[in-house]
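A short worksheet on the structure shown next.
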Amino acid sequence: AITLQNSNIKLIGYKDLADNKFVKAGYTTNYGIITFYDDSKKPVLLLQIIGDKPEEDAKQWLNYLAIVVKSDTQAKEDESIFEKIKSLFIHTTEELPGVWGDEKDDIILNKDGSWWINQCNSVFSNETCWASDCDKNQCCNKAAKKILSNAGATPTTRIIIAQTNRSCEDTAGARIEYDDNGLTFNKEQFEEAVQIIDISLKEHKLPIMIGVQHPYWKKDKWIYKCGSTFNNPRATNHFMVIVGKGYDKTKKMDFYYFYDVATSDKTSGTNRMNKLWVDTDQHSIKGDVSTQDKNDYYIVTDVRKNQDKIYNLKNDK
């Protein structure tokens, strides 16, 4: 017999597959394969994984089965094959329960991702913001609004929860950079925004459009970038859509699932690991950027109500 708790099939990284005698993974043009062997080298279990990307699917399932989990050691071990696995979402041991169904109490709208569209979709090709290179495309606002439209909603009044305290004045619409956090958070607006998001998800069953600040790591410091002159607040330099809510028992924090439009890959854009964490102490909502470099993150700057919807907010004063 074989058990998934067997230490022989707990690998440091995907690189260890080459020398491990108890588990092997491979793929054909049509499916991925994971095979388990006993002490006498006899195969005792074979998993055939049907999907559109056999190689990636096989590797991803090694993670789902907790054979390879995310860690600093894993990242270092797999550094030599990073280009081959960078498109995978490698989960930590703590994250894996969520992959396997601990979402039963979560609110998740549009589970099939049918609302999602990316910012470089050709539907926006006649817009001035559009570029065929998705990394250079700036149609995130229009893509987020399109997702809302697909869900039957229209974004309207915004609640600003974070603003830059650095000057964003410019005449050419350039996105001015600055090298410290430079954001201030408003407690009252933060609490109002959280209520609005929750009401939309729980009562209206509709997603919510948000603006975010997307800083990036440059050499040894974070670089924050002012958004376009058309954005209010100017701290907003990207737009996304919140589509669900959950609670992490390990972190003891609420989080929101979001759709990102800054990728041409639907799996990445709608992935369940796209989470924005609600920090009630800092009055902020922040999350990792699963579609970008692992050091990147998002900070929610504004939340937009949906048109013609009633929001009965609680006032705790």
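The values are calculated or read from the model by the stated rules, or taken from the named source; none is laboratory data. Please read all numbers here as calculations on a predicted model, not as lab measurements. All accessible areas refer to the heavy atoms of the entire protein, side chains included, with ligands and DNA or RNA removed. Shrake-Rupley method; radii C 1.70, N 1.55, O 1.52, S 1.80 Å.
At a probe radius of 1.4 angstrom, the accessible area of the chain per residue rounds to 55 square angstrom. In this view, the solvent-accessible surface of R272, computed with a 1.4 Å probe and all protein chains in place, comes to about 80 Å².
Stretching the chain fully between M273 and D220 yields a gain of 16.4 nm (0.36 nm per residue, less the alpha carbon separation). Here's the list of lysines a cross-link from K218 could span, going by alpha-carbon distance under 23 Å and ignoring same-chain residues fewer than 8 apart: K76, K86, K136, K286, K294. The long axis of helix 140-151 is offset from the longest Cα principal axis of the chain by roughly 80 degrees. Taking all protein chains together and a 1.4 Å probe, the residues K314, K225 rank K314, K225 from largest to smallest accessible area. Taking every protein chain into account, the 1.4 Å probe leaves F22 with about 40 Å² of accessible area, to the nearest ten.
Amide H to amide H distances under 5 Å link V23 with Y37, where only residues 5 or more positions off or on other chains count and H is placed in the peptide plane.
Debye-formula intensities of the chain, expressed as log10 I(q)/I(0) at q = 0.06 Å⁻¹, are -0.24 (one equal scatterer per alpha-carbon, no solvent). Would you please classify the overall shape of region 25-76 from the alpha carbon gyration tensor, given that a ≥ b ≥ c denote the square roots of the eigenvalues, rounded means a/c under 1.5, and beyond that prolate means a/b larger than b/c while oblate covers the rest? Verdict is oblate for region 25-76.
With a threshold of 22 Å on the Cα-Cα distance, the over-threshold entries among K15/K221; K142/K187; K104/K202; K70/K275; K202/K252; K24/K59 are K15/K221; K142/K187. At q = 0.15, 0.20, 0.24 Å⁻¹, what is the base-10 log of I(q)/I(0) for region 194-289 according to the Debye formula with one equal point scatterer per Cα and no solvent? Please give it to two decimals. For region 194-289 at q = 0.15, 0.20, 0.24 Å⁻¹, log10 I(q)/I(0) is -0.68, -1.15, -1.40.
At the residue level, W277 shows approximately 40 square angstrom of accessible surface with a 1.4 angstrom probe and all protein chains present. For region 108-125, backbone phi angles converted through the Karplus equation (6.51, -1.76, 1.60; θ = phi - 60°) give residue-by-residue couplings of 9, 7, 6, 4, 8, x, 5, 6, 5, 8, 9, 5, 9, 5, 5, 4, 9, 5 Hz, Gly and Pro being listed as x.
The share of C-alpha pairs in region 103-150 whose separation exceeds 13 Å stands at 58 percent.
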